[in-house]
Amino acid sequence: MAKSDAAAGEKQKVTLKKFFKNNFGFLFILPWLIGFCIFKLYPFASSLYYSFTDYNLFKGVSKFGLFNYESVFHTAKIMKSFSVTFRYAFITVPLKLVFSLFIAYILNFKIRGVNFFRTAYYIPSILGGSVAIAVLWKAVFRDEGLLNTALGFIGIQGPSWLSDPHYALYVICLLRVWQFGSAMIIFLAALKGVPMDLYEAAALDGAGKWRQFFSVTVPLITPVIFYNLVTQLVQAFQEFNGAYIITQGGPRNSTTLISLLIYNSAFKSYNMGAASAMAWVLFVILMAMTGIAFASQKHWVYYSDEDGK
Amino acid sequence: MKAKKLLAIGMTLLMTTGMAGCGNAAAGGSAAATAQSDTTTAAGASVSADAASTAAPAAEAKEENPIITTTGGDLNMSWWGGDSRHEATMKALDAYKAKSGVTVSYSYGAWSGWEDSMAAMFSTNTAPDVNQINWNWIYQYDAAGDKFVDLNTVADTLDLTQFDQKYLDMCTKDGKLAAVPISMTGRIFYWDKTTFDKAGISTPTSLAELEAAGKTFKEKLGDDYYPLAIGEYDRMILMVTYLESKYGKNWVEEGKLQYDEKQVQEGLEFIQKLETEHVIPSLATIAGDGADSIDKNDKWINGKYAGIYEWDSAASKYKSSLAEGNEFVVGDEFKDMGKYQGGFTKVSMAFAISTTCKDPEKAAALLQYLLNDDEGTTILATERGIPVSKAAYANLEKQNLLDPDVAEANKKVMDYNSFQIDPTFEASELKSTDGVYYDVFGGLSYGDYDSATAAQTLIDGVNTVLSAN
């Protein structure tokens, strides 16, 4: 009996040792894991709970239900904000992808001072949506700003970019497209990975530069295009800075992106419940968009390790 | 392959949630960045001149300068404002340390975004011991009476007899003195006399003269010139002033809106008429100027907008923003709007002690120094407006430290305006850029609402806030 106990004890010791050996790596990521749980997972879960309540920062919770979700779909202001966000995403994402790929393609050529240009084109991404950029943007787009002054020189009377609800969103969109640096760098890395012999073969077959680009370059970098598409889509739906610092959502809510509305609801009206519900609807939309992107990839994304599938 | 796809989807999910965090961080960061600004004053401007310019929050939206926080004092304190107020307050805290041995750490920034961060601190009971507060915060954040100390309990240390009872009553809720008022304020007109001279007319002293000035400006100076420029919240206050002048009732009394739809519609049409008759520019025109506030608007600076309707405490700020050579004058309250003395006064700002403060007596002693002591009030001068503390006022008057423009504006407002506002008037659901006032006056100005729809929207919005409080 004592012998079998000792054996069992030994076995348990070995199992524990094995467990620690196998999971020793978790120790290294523990700081991140703790941070993730406290600053991401907990707020994430609690926001789901609050989305079913009328939680007000100063009045607490008094009722539970689906009312916040009902109001998301029945409040004209919220629906308009979602509509503005969709427009924003569908304008900025394609434009940013095309523009960053175009610039990356040019910067992939062996031209003098290319490192300077690469740095210069990346600067807008570093500047981001800061107060200084807001000042710059207003100076460019105000009624008597640089753009309208320039248009005036060629006899065109520019519109009121900042105060006309039909144009204000484009000003915000342009700020995002202007910050194309990170997408450009990723494209540049992908372009460098395209084998030169494929271009040589295509040239031998008589393909010109455009044909080479569309028949060789683009198919080979589709995984990176896909990656940029997903990340840009996620970022576009969560955009906040541009609308907050330049237009504050105006004029007439024409630039009230959903993130800004969530912020206003949470920190100006203190209505955390409604803000949480809007955030969760946004999350579901984001997941759906990402899911669609993933589902679509089998039709257009080429992975070289999958026999072309 | 399936595992790879699952991993990819899993990573995307993680990334999406992670980026949600980034998004929020960016939001907060940006909010802070914008909140953190204050371009207030020309360097070298006198303390008292700048001072009052930032006395009222509405007059100082979207200024730029970082939130500064220090730690480790015996007490901590928070305030918002412009550079000169920051400097004077820090100087006063240093002097207080020398006098009492009490070290005060602090946190300060500009108004824009300040309320958001203070709201978060009050809701999580992490606010500093002593706070400069906006009057409506007593009702907004201390609705349950658990955020601010009853200052009657520290009256042995803080001399409340220096304050008129009527002012203390304004900061009293359910028998508890939640804060001590620093200054009182109200709205008044300010004019750029130089532009009026150019148009060949004198600055308006009545509504009739102002309305006539619109036409004169258009004819003599051109379409870009307006005798008055007012934003959404200014329009709301002017409308209420008009209605009070005409009907002699407070906007809200005992939790009820005192005006019916027809009267509100009349008020909105009054404002809209000013716009159609070229007295004020449309909100689209002002937004198209691309300026954060009127004092930073080229058209005000250079005289194309020749008047504003602002807090009495904002006189110096608007005066100092005018181009050199343009003469700034404090206007008069219009007596021809109606038979009553329309316009309200309110507590501009107050000091409150948080209930989380470990030593309220020590905090009260600090307030006594800042509000009533000769040395403290001399250093702070009119940084927070014309003080209502009798001791402070007497000291500043004796030392000739009262800014003449602010003092003149304050006297005119206090002598004439005879109405009070309900604290919910400044509720963020109504007053913020996302609020009802912006929606109503924006809708009217942009032509999205007719006056009847706008009136109904305003009444519904006000009643919603009133019923929630």
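Output yes when any residue across the stretch A:174-185 is away from every other protein chain (no Cβ under 13 Å) and either more than 25 Å from residue A:85 (Cα to Cα) or basic (Lys, Arg) (or both), and no when none is. Yes, there is a match, as at least one residue in the stretch A:174-185 is away from every other protein chain (no Cβ under 13 Å) and either more than 25 Å from residue A:85 (Cα to Cα) or basic (Lys, Arg) (or both). Listed by first and then second residue, the pairs linking a residue in the stretch A:236-257 that is within 22 Å of residue A:97 (Cα to Cα) and within 7 Å of chain B (Cβ to nearest Cβ) to a residue that is part of a loop (DSSP other than H, G, I, E, B) and acidic (Asp, Glu), with Cβ atoms under 8 Å apart and 6 or more places separating them unless they lie on different chains, form an empty list. Taking residue A:285 as the residue in question, decide whether it is over 30 Å from residue B:285 (Cα atoms) and either in a loop (DSSP other than H, G, I, E, B) or over 14 Å from the mean Cα position of the chain (by Cα) (or both). Answer is no for this residue.
Scanning the stretch B:304-320 for residues that are crowded, with 22+ Cβ neighbours inside 10 Å and more than 22 Å from residue B:334 (Cβ to Cβ) yields B:316, B:317. Need the failing condition index for residue B:437 against (1) more than 12 Å from chain A (Cβ to nearest Cβ); (2) under 30 Å from residue A:251 (Cα atoms); (3) in a loop (DSSP other than H, G, I, E, B), just the number. Only one criterion is unmet by residue B:437, namely (3). From the list B:298, B:359, B:374, the one residue that fits, being surrounded by fewer than 18 Cβ atoms within 10 Å (Cβ to Cβ) and under 30 Å from residue B:195 (Cβ atoms), is B:298. Annotation note: Cβ proximity below 7 Å between a residue of the stretch B:293-309 that is at positive phi and modelled with pLDDT of 95 or more and a residue that is crowded, with 24+ Cβ neighbours inside 10 Å and not polar (S, T, N, Q) (sequence gap 6+ or interchain) occurs for B:303/B:192. Candidates in the stretch B:409-434 are the residues that are outside any loop (DSSP other than H, G, I, E, B) and either within 14 Å of chain A (Cβ to nearest Cβ) or of a type in the set (Val, Ile, Thr) (or both); of these, the one that is nearest to residue B:466 (Cα to Cα) is B:424.
Residues checked against (1) farther than 22 Å from residue B:119 by Cα; (2) at pLDDT below 95:
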| position | (1), (2) |
| --- | --- |
| A:247 | yes, yes |
| A:259 | no, no |
| A:275 | no, no |
| A:278 | no, no |
| A:282 | yes, no |
| A:288 | yes, no |
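So which of A:297, A:232 is facing chain B (nearest Cβ under 10 Å), farther than 29 Å from residue B:439 by Cβ and part of a helix (DSSP H, G or I)? The unique qualifying residue is A:297. In the stretch A:269-280, the residues that are without any contact (Cβ under 8 Å) to a residue 12 or more places away in the chain and facing chain B (nearest Cβ under 10 Å) form Cβ pairs under 6 Å with partners that are surrounded by fewer than 24 Cβ atoms within 10 Å (Cβ to Cβ) and in a helix (DSSP H, G or I), at six or more places apart or across chains, as follows: A:269/B:429.
Is one or more of the residues making up the stretch A:125-134 polar (S, T, N, Q), within 28 Å of residue A:231 (Cβ to Cβ), assigned by TED's automatic domain parsing to the domain that holds residue A:226 and under 22 Å from the mean Cα position of the chain (by Cα)?
Looking for residues that are polar (S, T, N, Q), within 28 Å of residue A:231 (Cβ to Cβ), assigned by TED's automatic domain parsing to the domain that holds residue A:226 and under 22 Å from the mean Cα position of the chain (by Cα), one finds at least one in the stretch A:125-134, hence yes.
Pairing each residue of the stretch A:124-147 that is over 15 Å from residue B:292 (Cα atoms) with any residue that is among the hydroxyl-bearing types (Ser, Thr, Tyr) and surrounded by 15 or more Cβ atoms within 10 Å (Cβ to Cβ), provided the two are 6+ apart or on different chains, yields C-beta distances under 7 Å for A:125/A:182; A:129/B:30.
Scanning the stretch B:271-308 for residues that are away from chain A (no Cβ under 14 Å), over 20 Å from residue B:221 (Cβ atoms) and either in contact with a strand residue (DSSP E or B) (Cβ under 9 Å, 6 or more places away or on another chain) or acidic (Asp, Glu) (or both) gives a single hit, B:295.
Among the residues of the stretch A:148-166, those identified as more than 11 Å from chain B (Cβ to nearest Cβ) and assigned to a helix (DSSP H, G or I) are A:149, A:150, A:151, A:152, A:153.
The values are calculated or read from the model by the stated rules, or taken from the named source; none is laboratory data. None of the values given here were measured: they were computed from a predicted structure. Please note: Cβ atoms are built from the backbone with ideal geometry, for glycine as well, and neighbour counts cover all protein chains shown.
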